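**Student:** Structure incoming, see below.
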Amino acid sequence: MVLSASLHSLCIIPHTSQSKIPSIFNLLKSPLAKPHLKINPIFKPSSLSLFTQPSKLRPKTQNFRTPTIRSLFSGIVEEMGEIKQLGMADHGGFDLKIHAKTVIEDVHLGDSIAVNGTCLTVTDFDTHLGEFTVGLAPETLRKTSLSELEPGSLVNLERAIPPTGRMGGHFVQGHVDGTAEIVGKQVEGDSLWIKVKTDKNLLKYVVPKGFIAIDGTSLTVVDVFEEELCFNFMLVAYTRQKVVIPLKEIGQKVNLEVDILGKYVERLLSSGFVDSIKGSRFPETHNKALSISCQNLTTHHHICELPVLPLLLVIFLQ
């Protein structure tokens, strides 16, 4: 037996003499296969692998799509797409066909894409034409401003992000709460002030310096005008070039999604849950809950556990 060693592998090569061959090699006797014992330098030194010389027989390979959790948006618009076609489809529903470049690069059927802040499901796509189709439910048409679109209209587009993705804006679900009407536009330097009017049931969730998603764009509220049922925000020069809001005129509508944390806090306060927590005589329970929840959020990236944040806020502010 000859021992051959190199920098990257250690091989035991059978000698031509009739010495006793290890039993494991007897199982691999074949004119197409010559046994080698090799140490792979990439892995731990103890990781030994037994393999054979390449033969003409190749195993069949199958391509599987790795399942990815896509659950939220960040309000950072990736591109503006153009409406190519919209209206009633043959199946009886309402379809929207959009031309895009970026969001269609890795698109799959069933993916979620936010169109002007509305989370919609891809039902068809053509990567060669750069087009994808989404379906609109009647409730979506009633709740959003998408009914104002027409061929040639531009829309904000954003792909859903995985739980481990960067959250550049804020938590945006793509569930539009309602619309607001543009009532004022004013240029200041290279920025643009926009004032919108909305329903009082939505305005109660809007706070100065708070987050809000407008046509799917994560923005900061500047001032709230309670008596006028209005609030305003500012678009800097870069944002003006990347989103559709500046292209809209006074009187047109924009989609609104208020900060989800505010709605969770309101729900907890009105449910009586806080009173039961305040009656607890064991404050150390709160600390334990905080520790476990924060560990889950940071270790497992559980964006889906978002309701725990306002819960902790309510508990520790009492």
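The values are calculated or read from the model by the stated rules, or taken from the named source; none is laboratory data. None of these values were measured; they are calculated from a predicted model. FYI the Cβ positions are ideal-geometry reconstructions off the backbone, even for glycines, and counts take in every protein chain you see.
**Student:** Working only within the range 68-105, note down all residues that are free of Cβ contacts under 8 Å to residues at least 40 places away in the same chain and part of a loop (DSSP other than H, G, I, E, B).
**Tutor:** ASP90, HIS91, GLY92, LYS101, ILE104, GLU105, listed by residue number.
**Student:** Report the residue count in the range 212-235 for those that are within 21 Å of CYS119 (Cβ to Cβ) and either surrounded by fewer than 20 Cβ atoms within 10 Å (Cβ to Cβ) or free of Cβ contacts under 8 Å to residues at least 60 places away in the same chain (or both).
**Tutor:** 1
**Student:** Continuing with this model, one more query. Looking only at the range 155-177, count how many residues are surrounded by 18 or more Cβ atoms within 10 Å (Cβ to Cβ) and either in contact with a Gly (Cβ under 9 Å, 6 or more places away or on another chain) or in a strand (DSSP E or B) (or both).
**Tutor:** Residues in the range 155-177 being surrounded by 18 or more Cβ atoms within 10 Å (Cβ to Cβ) and either in contact with a Gly (Cβ under 9 Å, 6 or more places away or on another chain) or in a strand (DSSP E or B) (or both): 13 in total.
**Student:** State the number of residues belonging to the range 132-154 that are among the β-branched types (Val, Ile, Thr) and in contact with a helix residue (DSSP H, G or I) (Cβ under 8 Å, 6 or more places away or on another chain).
**Tutor:** 1
**Student:** Going by the conditions given, is GLU131 of a type in the set (Asp, Glu) and modelled with pLDDT of 95 or more?
**Tutor:** It is true that GLU131 is of a type in the set (Asp, Glu) and modelled with pLDDT of 95 or more.
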